[in-house]
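Chemist: Pasting in a structure now, in structure tokens, and then I'll have a few things to ask.
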Amino acid sequence: MNTSDLKNLNIAIVGAGYGGAAAAKALSLLGANVNVYEQATEVREVGAGIGLRPSSMAAFRQWGIFDAIAAVSSASDYFEILSAGGDPIMKDTWPEFGNEKNTYLIHRNDFIEALVSTLPDGMLHLGHKLESIEDKGDGATLTFTNGTTVEADLVVGADGIKSTVRKQLFSDQVPQFAGEHAYRAVVDADAAHGLVVDDNLRMYIGKGTKVYVLPLRHRDQLSFDVTVLNPDSTWTPEVSQEDMLATLEGFDERIVNTARDLDWAKVSIRAVYDIDPVDTWHSDAVVLLGDAAHSMCHHQGQGANSAILDAGALADALRDAGSVKEALVEYKAARKPVTDELQRISRQGWTEDELNDVFPGQKPATQSQV
Ligand SMILES: Cc1cc2nc3c(=O)[nH]c(=O)nc-3n(C[C@H](O)[C@H](O)[C@H](O)COP(=O)(O)OP(=O)(O)OC[C@H]3O[C@@H](n4cnc5c(N)ncnc54)[C@H](O)[C@@H]3O)c2cc1C
């Protein structure tokens, strides 16, 4: 689209998670008039660390915010998979993207704060929970629960796994339980019993349990994630520390000791959900992005990265296409095959034996064995 068309384009983004904030950055750099509406009254993410892949870091470099992200993260050279007891299974460097070779390990809250801090003043509107959306073909009207109404030429639904935009316009499908729980905590490095040795991500695999050890050495901390098969689909299940310790029997003693010392009140306990692939990602004036379009299980560590790459692809499509309508077609063509595949392989976290142990004869619909 030409520069003056982009300058006249009013874009409303619903949701200021990683996807919405990244889209706000990328789309505002095109010169468009961007506003972001977030239901929460402050922007924050619960504990635990994530890895920002080389492809995401390349996007940040293109948007001029690489340094802001790198300042609150640690560069990792490789990841390693080990048995429960610590025997090496495989070790590999991160997939390179252009000149970027490292994955940057970052605390979820540091990441959203750094990302939002790079947005122009006045772009983010907190306390705006979308109630309804009306698609008018060449634009859309958003109504928020605080009574505000907004008109936009293009609406980006970046409102997460339970997306209101998706539900009201594109798909009635609901989140799918993955048959597993994730217990996540951030601990000080000196309480991690020697698990923090460098800046590399390690995953320890036991039967029906995986432990992700993600160092945050710039914070002198460790992000510690225990993912277990469990049939309880309650979004925030009640699980005791003893239950978790039982799943860690036979693991490296540094892991068991770290788990035993956790302050259980500070551990984030979540059932894991994703969605089936969504056929319709957009109309001519409304488009889905991030988890709203393709929420996936965390086994490939690609949910946040996919949201960021969506944002870059949407901006590229708007820059290169002749109209918003054409751009949305190009965006979906570029991203959906990739995220469909990531959704599929992210459901392959467990062996048939492990699934049979926990779900004899009736494994969750989302699970296919490795
Ligand atoms: C604890 C945890 C650990 C994870 N670990 C990893 C990892 O290691 N690597 C990885 O790549 N991914 C990971 N993920 C997944 C990753 O966080 C998500 O894929 C990513 O956050 C998706 O970003 P998003 O912006 O699309 O959605 P979200 O982060 O869900 O953001 C959606 C935003 O929309 C807002 N919103 C929702 N409804 C409305 C409404 N009606 N009106 C206005 N605003 C609304 C929400 O408040 C939220 O701010 C993890 C997820 C969790 C929960």
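The values are calculated or read from the model by the stated rules, or taken from the named source; none is laboratory data. Bear in mind that the values here come from a model prediction, so they are computed numbers and not experimental data. Cβ placement follows ideal geometry from the backbone for every residue including glycine, while neighbour counts extend to all protein chains displayed. Keep in mind that these areas ignore ligands, DNA and RNA; they rest on the heavy atoms of the full protein, side chains included. Shrake-Rupley method; radii C 1.70, N 1.55, O 1.52, S 1.80 Å.
Chemist: Ordered by residue, what ³J(HN,Hα) values in Hz, to whole numbers, does region 29-42 give under the Karplus form 6.51 cos²θ - 1.76 cosθ + 1.60, where θ = phi - 60° and Gly and Pro are x?
Modeler: The phi angles translate into 5, 6, x, 5, 8, 10, 10, 10, 10, 10, 5, 6, 8, 8 Hz.
Chemist: Would you kindly state how much longer the chain becomes between THR234 and ASP340 on full extension, computed as 0.36 nm times their sequence separation minus their alpha carbon distance, in nm to one decimal?
Modeler: Contour length minus the Cα-Cα distance gives 35.6 nm.
Chemist: Using a/c under 1.5 as the rounded threshold, could you call region 38-96 rounded, prolate or oblate? The axes a ≥ b ≥ c are square roots of the C-alpha gyration tensor eigenvalues, and prolate needs a/b larger than b/c, oblate otherwise.
Modeler: Oblate shape, in that a/c is at least 1.5 and b/c is the bigger or equal ratio.
Chemist: Oh, and also: I need the calculated FRET efficiency for the pair SER323 and ARG61, taking r as the beta carbon distance and R₀ as 22 Å, to the nearest 0.05.
Modeler: 0.15
Chemist: Assuming 0.36 nm per residue, please report the length gained on full extension of the stretch VAL46 to GLU352 beyond their Cα-Cα distance.
Modeler: Extending this stretch completely gives an extra 107.0 nm.
Chemist: For the chain, what is the calculated [θ] at 222 nm in deg cm²/dmol (nearest 500), taking -39500 (n - 2.57) for each run of four or more DSSP H residues and dividing by its residue count?
Modeler: -8500 deg cm²/dmol
Chemist: What number comes out for accessible area per residue over the chain if the probe is 1.4 Å? Units Å², please.
Modeler: I get 42 Å² per residue for the chain.
Chemist: Same structure, new question: With the cut-off at 25 Å, tell me which of the pairs LYS136/LYS162; LYS7/LYS101; LYS210/LYS336; LYS129/LYS167 have Cα atoms farther apart than that.
Modeler: LYS7/LYS101; LYS210/LYS336
Chemist: With both partners inside the chain, how many of the DSSP beta bridges are antiparallel, as a percent to the nearest 5?
Modeler: Given both bridge residues lie in the chain, the antiparallel proportion sits at roughly 75 percent.
Chemist: Let me ask you something else. Report the residues of region 186-227 in range of a label on SER83: point 7 Å along Cα→C-beta, backbone N strictly under 12 Å from it.
Modeler: 205-207
Chemist: Amide H of ALA178 versus every other amide H placed in the peptide plane: which residues, excluding those fewer than 5 positions away on the same chain, fall under 5 Å?
Modeler: VAL272, TYR273, ASP274
Chemist: Quick one: what are the phi-derived ³J(HN,Hα) couplings along region 130-135, Karplus 6.51/-1.76/1.60 with θ = phi - 60°, whole Hz, x for glycine and proline?
Modeler: 5, 9, 8, 9, 10, 8
Chemist: Sticking with this structure for a sec: How much accessible surface does ARG260 have with a 1.4 Å probe, in Å² rounded to 10?
Modeler: The value for ARG260 is about 130 Å².
Chemist: Give me the distance between the Cα centres of region 104-131 and region 138-210, rounded to whole Å.
Modeler: Between the Cα centres of region 104-131 and region 138-210 lies a distance of 14 Å.
Chemist: Accessible area, 1.4 Å probe, largest first: how do GLU249, GLU242, GLU330 sort?
Modeler: Descending order: GLU249, GLU242, GLU330.
Chemist: If you don't mind, there's one more thing I want to ask. For LEU52, what residues show an amide H to amide H distance below 5 Å, using hydrogens built from the backbone and excluding near sequence neighbours?
Modeler: TYR104, LEU105, ILE106
Chemist: Counting only protein heavy atoms and using a 1.4 Å probe, what share of the accessible area of the chain belongs to carbon plus sulfur, as a whole percent?
Modeler: Here carbon and sulfur together make up 46 percent of the probe-accessible area.
Chemist: For the chain, just say rounded, prolate or oblate: build the C-alpha gyration tensor, square-root its eigenvalues into a ≥ b ≥ c, call rounded for a/c under 1.5, and beyond that prolate if a/b exceeds b/c, oblate if not.
Modeler: Prolate is the answer for the chain, as a/c is 1.5 or above and a/b outweighs b/c.
Chemist: Can you tell me which aspartates and glutamates have their Cα less than 16 Å from the Cα of LYS325? Leave out same-chain residues fewer than eight positions away.
Modeler: Result set, ordered by chain and number: ASP5, ASP135, ASP138, ASP153, ASP284, ASP316.
Chemist: Per-residue HN-Hα couplings for region 228-244, Karplus 6.51 cos²θ - 1.76 cosθ + 1.60 at θ = phi - 60°, whole Hz, x for Gly and Pro?
Modeler: 10, 5, 7, x, 7, 8, 4, 4, 10, x, 8, 9, 8, 4, 5, 4, 5
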